[in-house]
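Data block below; observations after.
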Amino acid sequence: NAGVTQTPKFQVLKTGQSMTLQCAQDMNHEYMSWYRQDPGMGLRLIHYSVGAGITDQGEVPNGYNVSRSTTEDFPLRLLSAAPSQTSVYFCASSYSIWGDTQYFGPGTRLTVL
Amino acid sequence: AQKVTQAQTEISVVEKEDVTLDCVYETRDTTYYLFWYKQPPSGELVFLIRRNSFDEQNEISGRYSWNFQKSTSSFNFTITASQVVDSAVYFCALSEALLDGANSKLTFGKGITLSVRP
C-alpha cells in the first residue's frame, strides 16, 4: 500500500493563480481531510469528507474548495491564491469518521508570492 | 468546544536525559480519543499512540511512555534516555464524539519542538 499520497511536494504560485493539490489513498478509508500547518499554529482543519459525495467545512475553509467523487481521491482547490495561503498542506485519511487514527500524507509546501 | 494545550513550545535536552512533554485537553464529551504524533525534521507526521477516554492505563513502548489522567485532563508523553533521533515537533490531538451527532474532528495542539543535543 502506498498509503496517503500528495502531489506536488512543492509549489510556488503568484497571487490570483489557481491550482489543485492532489490527495489519494489506497486504504479504502471513508474519512479524508485537509489541514494546513503554519508556524506556531499547529494543524488546522480546512475541509473534510466522510465519504464519496459528502464534504464539509472545517475550522479555516475560506479560499478553498473540495469535492469527493471517489473514495480514493480528495483534491483541494485554491481558486485565487493569496499570500495568506502560504503554508504546508497535509491530507489525512482514516477508516471511520471519528476516533480512528488519521494517517497523513507527506505534505505539500505552497508559497504564494 | 474541544481544545488542546501544549504549554511548552520548545524543550532542549542533552542526550540520555529523560523528558516529558505535557498535553492538557478540554472537552465536554465523556467519550473521546487522544493522540500523539511526531513530526521529524523531514516534515512527515508519524502516528505514535491513540488512547480512548475509558482506558486510563499508562502505556509503555520502548523508551516512550504515556500518562493519561482524566482527573487533570492530561495526556503526557515521556521519552526516557532521549536520543538525537528524538529531535522533532510533537503534537497532541483530541477527537471527540459530539453529542448532537455532528461530525467529529481532530483538534491539534500547537506542538512542542524537542531538541536533543549530543
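Considering segment A:54-91, and only residues there that are within 15 Å of A:Thr20 (Cβ to Cβ), open to solvent by less than 10 Å² (accessible area, probe 1.4 Å) and within 12 Å of chain B (Cβ to nearest Cβ), the residue that is farthest from the chain's Cα centre (by Cα) turns out to be A:Tyr89.
Select from segment B:50-63 the residues that are assigned to a loop (DSSP other than H, G, I, E, B) and of a type in the set (Asp, Glu) and write down the one among them that is nearest to the other protein chains (Cβ to nearest Cβ). Here the answer is B:Asp55.
Does segment B:9-49 hold any residues that are open to solvent by less than 50 Å² (accessible area, probe 1.4 Å) and not in a strand (DSSP E or B), and which are they?
The first filter runs over segment B:9-49 and keeps only residues open to solvent by less than 50 Å² (accessible area, probe 1.4 Å), leaving B:11, B:13, B:19, B:21, B:23, B:25, B:27, B:29, B:31-40, B:43, B:45, B:48-49.
Selection gives B:Cys23, B:Thr27, B:Asp29, B:Thr31, B:Pro40, B:Gly43, B:Leu45.
Residues that are open to solvent by 50 Å² or more (accessible area, probe 1.4 Å), modelled with pLDDT under 95 and either under 29 Å from A:Gln6 (Cβ atoms) or not in a strand (DSSP E or B) (or both): does segment B:74-92 have at least one? No, segment B:74-92 has no match at all. Against the numbered list (1) in a loop (DSSP other than H, G, I, E, B); (2) closer than 18 Å to B:Gly43 by Cβ; (3) among the β-branched types (Val, Ile, Thr), A:Ile97 comes up short only at (2). Picking from residues in segment A:6-48 that are of a type in the set (Gly, Ala, Ser) and more than 10 Å from chain B (Cβ to nearest Cβ), the one that is farthest from B:Ala88 (Cα to Cα) is A:Gly16. Within segment A:92-106, the set of residues being facing chain B (nearest Cβ under 7 Å) and surrounded by fewer than 21 Cβ atoms within 10 Å (Cβ to Cβ) comprises A:Ile97, A:Trp98, A:Gly99, A:Thr101, A:Tyr103, A:Pro106.
Every test in (1) of a type in the set (A, V, I, L, M, F, W, C); (2) part of a strand (DSSP E or B); (3) open to solvent by 40 Å² or more (accessible area, probe 1.4 Å) is passed by B:Trp66 save one, and that test is (3).
Scanning segment A:1-25 for residues that are part of a loop (DSSP other than H, G, I, E, B), at pLDDT 95 or above and either over 24 Å from B:Phe91 (Cα atoms) or touching a Phe, Trp or Tyr at 6+ places or on another chain (Cβ under 9 Å) (or both) yields a count of 6.
The values are calculated or read from the model by the stated rules, or taken from the named source; none is laboratory data. This is a predicted model, so every value here is computed, not measured. Neighbour counts are summed over all protein chains in view; Cβ atoms, including those assigned to glycine, are modelled from backbone coordinates with ideal geometry. Each accessible area value is taken on the protein alone, full model and side chains, heavy atoms only, with ligands, DNA and RNA left out. Shrake-Rupley method; radii C 1.70, N 1.55, O 1.52, S 1.80 Å.
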